[in-house]
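Enquirer: Right, I'll just put the structure down here and ask away after.
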Amino acid sequence: MKSTDTALVLEGGAMRGLFTAGVLDVFMEHNITFPACVGVSAGAAFGCNLKSHQRGRVLRYNLAYCRNPQYCSFRSLLKTGNIFGAEFCYHTIPEQLDPFDVQTYDEDPMAFYIVATDVTTGKPHYQKLDKADYDCYEWIRASASMPLVSRVVEVGGGKYLDGGVADSIPLRFMEQQYARNVVVLTRPREYVKEPASKIWLYKRSLKPYPHMLRAVQTRHLMYNEQRRHVFEQEQAGKAFIICPKEPLAIGRMEHDPKKIQACYDVGRQVAAERLAELKEFLGYDH
């Protein structure tokens, strides 16, 4: 089954992305596909497995390495400048330990985009990733590199950090190509984002990049407006939203396998509950 006129939008949220991983695995189990997908941060890092058809891979490697200091730790931050190990997470795991299916990714027709924030302008950059190569992994790393706990990623001739700073829910980007979209959020419907705390840390960390700092300072305004747009599009019948019913009980940098499994399971449960509605929205035959 394929949806030829409806694309997929994946919000980020660090380890809340395990919710998205559960949703996407249900999609794969029911052969639900899309002509295009855009992912931000964890939505990019985990969403690429939809194009490589690797059901269960996100949960598997997170459970396997969540307590490995090379994967995510303050030790990694102090040693490398990245709380999520750049080499270990984005090259050692996909290239050696839990291989990413490069051939399937490259051959699958779904257009896959990521969002990164250009630190020199504070604006979103949208990159289409057709082939799973070194630069592809670096673009995904750029999309998921959170300010304060990540080094600026240099790729494609530019400098980038977390795509969620400039475009947290890139529905409008996808609406330029597709009038109807499925949107996976990692916050419940009633969530409202507050201004960033400890802004003095950002001022020090992002001193060379004033436009990026401004994007951080105004992110909550952008994010809350984007959520309003998403729900307006849902009311208009142009968006189908999948999101948790309540806040996910998982840390942004989670080391507890039980919480990782539970977050993933919530995603599976919500997707399963909404499956019939989703198929109707996509025009699938039951």
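Enquirer: Which stretch or stretches of segment 100-115 have amide N atoms under 20 Å from the point lying 7 Å from ASP130's Cα along the Cα→Cβ direction?
Expert: 101-115
Enquirer: Give the shape of segment 33-132 as rounded, prolate or oblate, defined through the alpha-carbon gyration tensor: a ≥ b ≥ c are the square roots of its eigenvalues, a/c under 1.5 means rounded, and otherwise the shape is prolate if a/b is larger than b/c and oblate if not.
Expert: Note, shape of segment 33-132 comes out oblate.
Enquirer: Would you mind checking which residues have amide H under 5 Å from ARG180's amide H? H placed 1.01 Å from N; only 5 or more apart, or other chain.
Expert: HN-HN under 5 Å from ARG180: ALA7.
Enquirer: Same structure again: For a quick check: with amide H placed at 1.01 Å from N, whose amide H comes under 5 Å from GLY12's, ignoring anything fewer than 5 positions away on the same chain?
Expert: Long-range HN contacts for GLY12: VAL40, GLY43.
Enquirer: Moving to a separate point now. From the backbone phi of segment 156-170, what are the Karplus-calculated ³J(HN,Hα) couplings (6.51 cos²θ - 1.76 cosθ + 1.60, θ = phi - 60°) in whole Hz, Gly and Pro given as x?
Expert: Result, rounded to whole Hz: x, x, x, 10, 9, 9, 2, x, x, 5, 9, 8, 6, 10, x.
Enquirer: A further question on this structure: Counting other Cβ atoms within 10 Å of each Cβ, which trypsin sites (Lys or Arg not before Pro) in segment 1-99 have at most 15 and sit in a DSSP loop?
Expert: Working: sites: LYS2, ARG16, LYS51, ARG55, ARG57, ARG60, ARG67, ARG75, LYS79; in loops: ARG55, ARG67.
Of the trypsin sites (Lys or Arg not before Pro), the ones in loops of segment 1-99 whose Cβ has at most 15 other Cβ atoms within 10 Å are ARG67.
Enquirer: A follow-up question, please. Just the number, please: carbon plus sulfur as a percent of the accessible area of the chain, 1.4 Å probe, no ligands or DNA/RNA counted.
Expert: Here carbon and sulfur together make up 50 percent of the probe-accessible area.
Enquirer: Separate question: Show me, for segment 132-140, the HN-Hα J-couplings you get by feeding each phi into the Karplus relation (A = 6.51, B = -1.76, C = 1.60, θ = phi - 60°), rounded to Hz, glycine and proline as x.
Expert: Along segment 132-140, the couplings run 8, 10, 4, 5, 4, 5, 5, 5, 5 Hz.
Enquirer: Rounded, prolate or oblate: which fits segment 133-201, taking a ≥ b ≥ c as square roots of the Cα gyration tensor eigenvalues, rounded meaning a/c under 1.5, else prolate when a/b beats b/c? Working shown, then result.
Expert: On the way: a/c = 2.37, a/b = 1.11, b/c = 2.13.
Because a/c hits 1.5 or more and a/b fails to exceed b/c, segment 133-201 counts as oblate.
Enquirer: Could I ask something else about it? Which one of GLY47, ASN31, ILE83 has its Cα pushed farthest toward the positive end of the charge dipole of segment 28-88, where Lys and Arg give +1 and Asp and Glu give -1 at the Cβ?
Expert: ILE83
Enquirer: Next question. Over 27 Å between C-alpha atoms is what I'm after, so list which of LYS159/LYS203; LYS123/LYS245; LYS193/LYS259; LYS207/LYS259; LYS128/LYS159; LYS159/LYS259 land there.
Expert: Details: LYS159/LYS203 18 Å; LYS123/LYS245 31 Å; LYS193/LYS259 23 Å; LYS207/LYS259 36 Å; LYS128/LYS159 17 Å; LYS159/LYS259 33 Å.
Exceeds cut-off: LYS123/LYS245; LYS207/LYS259; LYS159/LYS259.
Enquirer: Suppose a student asked you for the relative contact order of segment 139-269, using Cα pairs under 8 Å spaced at least 6 residues apart; what percent would you report?
Expert: 25 percent
Enquirer: Name the long-range amide H neighbours of LYS159: under 5 Å, sequence gap of 5 or more, or other chain; modelled H, no Pro or chain starts.
Expert: VAL119, THR120
Enquirer: Using only the Cα atoms of segment 178-286, build the gyration tensor, take square roots of its eigenvalues as a ≥ b ≥ c, and label the shape rounded, prolate or oblate: rounded if a/c is under 1.5, else prolate if a/b is larger than b/c, else oblate.
Expert: Since a/c reaches 1.5 but b/c is at least a/b, the shape of segment 178-286 is classed as oblate.
Enquirer: Additional query: Report, in deg cm²/dmol and to the nearest 500, the calculated mean residue ellipticity at 222 nm for the chain, where each DSSP H run with n ≥ 4 adds -39500 (n - 2.57) and the sum is divided by the residue count.
Expert: Using -39500 (n - 2.57) per qualifying helix, the result is -12500 deg cm²/dmol.
Enquirer: Which of the trypsin sites (Lys or Arg not before Pro) across segment 103-150 are loop residues per DSSP, with 12 or fewer other Cβ within 10 Å?
Expert: LYS131
Enquirer: How large is ³J(HN,Hα) for each residue in segment 86-103, as worked out from phi by the Karplus curve 6.51 cos²θ - 1.76 cosθ + 1.60 (θ = phi - 60°), to whole Hz, x for Gly and Pro?
Expert: 3J(HN,Hα) across segment 86-103, in whole Hz: 4, 6, 5, 6, 9, 9, 4, 5, x, 8, 10, 7, 9, x, 6, 7, 4, 4.
The values are calculated or read from the model by the stated rules, or taken from the named source; none is laboratory data. On a predicted model such as this, the values are computed, not experimentally measured, just so you know. Virtual Cβ from ideal backbone geometry, glycine too; neighbours counted across all protein chains shown. These accessible areas exclude ligands, DNA and RNA; they are computed on the full protein's heavy atoms, side chains included. Shrake-Rupley method; radii C 1.70, N 1.55, O 1.52, S 1.80 Å.
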